[in-house]
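Down below is the structure, laid out as structure tokens.
What follows draws every value from the coordinates through simple rules; no lab data is involved. Bear in mind that the values here come from a model prediction, so they are computed numbers and not experimental data. As a convention, Cβ positions derive from the backbone with ideal geometry for all residues, glycine included, and neighbour counts pool all protein chains shown.
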Amino acid sequence: MAKWGQGDPRWIVEEREDGTNVNNWHWTERDATSWSKAKLREALVGLVVESEAGRCETTELKQVEGEASCSSRKGKLIFFYEWNIKLGWKGTIKESGAKHKGLIEIPNLSEENEVDDTEVNVSKKKGDGEILKDLMKTAGTAKVREALGDYLKALKTEFTMGMILPTKALQNQELTVKRKLSENTLQIQASSPVALGVKIPTVALHMTELFDTTVEQLYSIFTVKDLVQKFSKSSAVLEAEKGGKFQMFDGTITGEYIELLTNRKIIMKWRCRSWPEEHYATVALSFVPALGQTELQLDCKGVPICKEENMKFCWQKQHFEEIKCLLQLITLNG
């Protein structure tokens, strides 16, 4: 037993007479079943694949049976989901104009298997049209798995907002930063009609990640608009030249290119929409060849101290992991 005053502070129910579950430290659970059914319908219906042979599209969610939930315990999230899904699809052969229908079955989408290993079975009604079935078995299956990955990403981010609450120390830190910002802004406004900016507490980050690709290809993923939109799965604005502006994730991330050394280094002014007004970090990306791979070195200065973990999550989950998924698709498509 810990000595008095030396226990884990998260177990202490501070300033709450009713013993409320502070910061969701004890076991909490949310039922994600209804939310998941709507999200799966949104993700899976309307997927289109096309080739010289024909065009196919998923048309309806015929069945979605199962359940999903998210639990938190001691600051960690635990996910459970198990789904049996059936999708209807239809296709048209380009040469003849003949139309055919079929079914896609996903018998076991669960946390026990990786999305890329999830079983996806494609069938077609009797008759001709095997060429469309083959299209759905290849490109269609890849699209379905990509959509399932989008659902799981949303489950682990969008749905879980607020389940892991900031500690009291972090809350106080953020309040202190906001208070200082407010006080400094008022002082500047009172002394000068020109806004000179304010100094806020910041940190520096260093991250490295290995990618199974060439330096040239990885560099292009950060500088070619089409590739940026593919890995971010959102619209982007890109002017990949010194002084050029960029905008990603539908405007959540904005900035300006300071320097571009082709296939070697990119330096940017970089900010997230939730940061203090007009505050930018400096992000440097170095591309280093490494025995058939490329090591990406990220050095970032000027991250608001209360946004450090968000910044790490943004680069690890929304950049590095999504870029690796894109590289796998590029490899599969030749």
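Segment residue 112..residue 130, full-extension length gain: 3.3 nm, with 0.36 nm per residue of separation and the alpha-carbon distance subtracted. Note on residue 245 and residue 34: with the Förster distance fixed at 51 Å, the Cβ-Cβ geometry gives a FRET efficiency of about 0.80. Gain on full extension, evaluated as 0.36 nm per residue between residue 295 and residue 105 minus their Cα-Cα distance, stands at 64.5 nm.
Here r is the Cβ-Cβ distance between residue 90 and residue 259 and R0 is 51 Å; the resulting FRET efficiency, rounded to 0.05, is 0.50.
If the stretch 221-287 were replaced by its equivalent ellipsoid, with semi-axes equal to the square roots of 5 times the Cα gyration tensor eigenvalues, what would those be, largest first, whole Å?
Semi-axes, largest first: 18, 16, 9 Å.
Diagonalising the gyration tensor over the Cα atoms of the stretch 220-334 and scaling each eigenvalue by 5 before taking the square root yields semi-axes of 22, 16, 15 Å, largest first. Along the Cα-to-Cβ line of residue 333, 7 Å from the Cα, sits a label point; which residues in the stretch 134-159 have backbone N less than 15 Å from it? Answer for this model: 138-147. Under the simplified labelling scheme, the residue 55-residue 98 pair shows an inter-label distance of 1.9 nm, with each label point 7 Å from Cα along Cα→Cβ.
The calculated FRET efficiency for residue 119 paired with residue 286, based on their beta-carbon distance and R0 = 41 Å, is about 0.50. Length gained on full extension, residue 69 to residue 321: 88.4 nm, using 0.36 nm per residue less the C-alpha separation.
Placing pseudo-labels 7 Å out from each Cα toward the beta carbon at residue 237 and residue 42 gives an inter-label distance of 2.5 nm. Distance cut-off 31 Å, Cα to Cα: go down the list 39/242; 156/230; 86/233; 62/233; 245/317 and report the pairs above it. Exceeds cut-off: 39/242.
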